[in-house]
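To start, the structure itself, in structure tokens.
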Amino acid sequence: MAPSFRSEYAAYLKSDTWRETRARFFNSLKKQAVCYCCNASGALQLHHRNCRRLGRERLGDLVALCDACHSRVHRMHETTGIALWASVEKIKRWNAEDLRRRNQRDIEAMTA
């Protein structure tokens, strides 16, 4: 993010508009919100799929992420240059693969 956009974005995240959008997102969910990448519940942050409609977001422009996954997404983006949404999808795949491996180990341990 360019420095001027960063400061505008930081100010936007403190605005009433953002608070209302955030509330609208979580109120729209039919069940308890979970992290898009790892299914963790608890404290969640909203991540923008893109910033094209910043300030007039559609609910589909947003995704809930836990603190850990949100940090991983931004760290991956900053260190590799991978687009933010591509980073979200990559972390989601990694988490799913890790869960499959752990489940397989558990099954093997129970049948050994």
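Read-outs throughout are calculated quantities, based only on the coordinates presented, and are distinct from any laboratory measurement. Nothing here was measured: the structure is a model prediction, and the numbers come from that model. A quick note on method: Cβ atoms are made from the backbone with ideal geometry, for glycine too, and the neighbour counts reach across all protein chains shown.
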Scan the chain and report its longest stretch carrying no trypsin sites (Lys or Arg not before Pro) that are both in a DSSP loop and have at most 13 other Cβ atoms within 10 Å.
59-112
Scattering profile of the chain at q = 0.20 Å⁻¹ [log10 I(q)/I(0), Debye over alpha-carbon scatterers]:
-1.16
Within region 55-95, list the residues whose amide N lies under 20 Å from a label point set 7 Å along Cα→Cβ of K14.
55-56
The relative contact order of the chain, taking Cα pairs under 8 Å that sit 6 or more residues apart, comes to a percentage of 22 percent
Under the 7 Å Cα-to-Cβ spin-label approximation, E78 and W94 lie apart by a distance in nanometres of 1.5 nm
